[in-house]
Structures are given as C-alpha cells and as structure tokens.
Amino acid sequence: MSREDVIAIAARVFAVFLLVTVVRSFPSAVALIGQDGPQPSLILVGVVLASSIAVCAILWFFPLTIARKLLPAMSEPRSETSMSGSVALSVGLTLLGVWVLAYALPDAIYWTTIFLLTRSPEFGHFEWGREQIAHIVTTVAELVLAIWLVFGSTGIKRLILRCRHGKIEGLA
C-alpha cells in the first residue's frame with residue numbers, strides 16, 4: 001500500500017466522520033432556527049450544512065486526488081508494501097481509537113470547563129443532575145476506550161484472534 005493509498009483511506013474515514021458530525025448537528029441547527037430571540041438566517045444554516053455535505057462528498061469521491069495534493073512529490077520510486085492481516089487489524093483498531101478520541105476529547109474539555117466554572121465562588125450553588133453525571137461517565141468511558149484502542153491495540157488484537165481462532169498463533 002502506497003503512502004497515497006494510506007492518505008486516501010484516511011480522507012475517506014474523515015469524510016465519514018464529518019458526515020456523522022453533520023448528521024448529529026442537524027437537530028441542533030433545526031432547534032436553533034426555532035428558538036426565541038435572535039435567530040440565524042435559514043439560508044446561513046442551509047449553506048453551512050450544504051457546504052459540509054459537499055466537503056464530505058469531495059473527500060469521499062476524490063480521495064486519491066486529495067492525497068496527491070497533500071503529499072509532496074517524491075524523487076524516489078514508489079515503494080509498495082503489502083499489509084498483513086495482523087498489521088491491518090492493528091491499524092484499524094488504532095484508527096478506531098483515534099475516531100473515538102475525536103468525539104470524546106471535546107466532550108471532556110466541555111465537562112472539565114463546566115466543573116472548573118462551578119467550583120468558583122462567583123458561580124454560586126450548582127447541583128449536578130443525573131443526566132449530566134451520566135454524560136460525564138460516558139465521556140470518561142469513551143476516553144478510556146479510545147486510549148485502550150490507540151495504545152493497547154496489541155492486546156485487543158490478541159483477544160480478537162483468540163476468539164476467532166481459539167488460540168493465539170505463536171503462543172500455546
């Protein structure tokens with residue numbers, strides 16, 4: 001697999017990530033239009049959503065073109081290296097961990113900011129609700145899972161191979 005292929009795969013994964021993010025933000029955009037007080041323009045919300053979907057489409061349909069534009073030209077010949085199934089599984093688990101981390105990190109920053117703001121004396125009394133506590137626990141679980149997937153993919157890979165084959169090759 002060439003370096004262009006790796007970047008192209010990453011571009012497609014990012015396109016899916018961006019599309020999921022746009023779909024998740026769509027209800028918030030609709031609620032923003034229906035709120036009382038100052039409202040954003042319906043045209044502005046439509047342009048932002050349409051441009052986000054257009055970026056997703058460009059990333060999905062033209063990943064190699066994007067990869068070639070992002071990477072500098074190399075003077076040496078292309079080196080094609082094949083990836084074994086074990087290496088591909090490790091790379092996939094690591095990419096999945098990065099994906100989960102991309103979702104969990106902003107939430108962690110949000111909840112840390114809320115926690116620090118509520119600790120200041122100017123804020124007054126603040127009582128955490130059940131839903132907020134559940135969101136914090138979910139964010140911590142996502143962070144743990146992401147770190148495990150990124151840094152512990154070897155252990156997860158062994159577990160998957162053990163479940164698939166009944167034993168780990170090379171160990172028995």
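Filtered by the rule that a residue be open to solvent by less than 80 Å² (accessible area, probe 1.4 Å) and in contact with a helix residue (DSSP H, G or I) (Cβ under 8 Å, 6 or more places away or on another chain), the range 141-154 gives 142, 143, 145, 146, 149, 150, 153, 154. The C-beta contact set for the range 79-91 (first residue open to solvent by 70 Å² or more (accessible area, probe 1.4 Å), second residue modelled with pLDDT of 70 or more and part of a loop (DSSP other than H, G, I, E, B), distance under 7 angstrom, 6+ apart or interchain) comprises 80/2. In the condition set (1) open to solvent by 90 Å² or more (accessible area, probe 1.4 Å); (2) more than 18 Å from the chain's Cα centre (by Cα); (3) closer than 28 Å to residue 95 by Cα, residue 117 is compliant with all but (3). Would you check if there is a residue in the range 138-157 being in a helix (DSSP H, G or I), more than 19 Å from residue 10 (Cα to Cα), modelled with pLDDT under 80 and of a type in the set (A, V, I, L, M, F, W, C)? Within the range 138-157, one or more residues are in a helix (DSSP H, G or I), more than 19 Å from residue 10 (Cα to Cα), modelled with pLDDT under 80 and of a type in the set (A, V, I, L, M, F, W, C). For residue 71, the conditions (1) at pLDDT below 80; (2) over 30 Å from residue 147 (Cα atoms); (3) loosely packed, with under 14 Cβ neighbours inside 10 Å all hold with the exception of (2). Of all residue pairs spaced 6 or more apart or on separate chains, those with beta-carbon atoms under 7 Å, a first member in the range 1-25 that is under 16 Å from residue 64 (Cα atoms) and in a helix (DSSP H, G or I) and a second member that is at pLDDT below 85 and of a type in the set (D, E, K, R) are 4/68. Evaluate the range 31-49: report whether one residue or more is outside any helix (DSSP H, G or I) and modelled with pLDDT of 80 or more. No: the range 31-49 contains no residue that is outside any helix (DSSP H, G or I) and modelled with pLDDT of 80 or more.
The values are calculated or read from the model by the stated rules, or taken from the named source; none is laboratory data. Being a predicted model, the structure only gives us computed values, none of them experimental. No Cβ is skipped: glycine too gets one built from the backbone with ideal geometry, and neighbour counts run over all protein chains shown. What goes into the accessible areas is simple: the full protein's heavy atoms, side chains included, and nothing from ligands, DNA or RNA. Shrake-Rupley method; radii C 1.70, N 1.55, O 1.52, S 1.80 Å.
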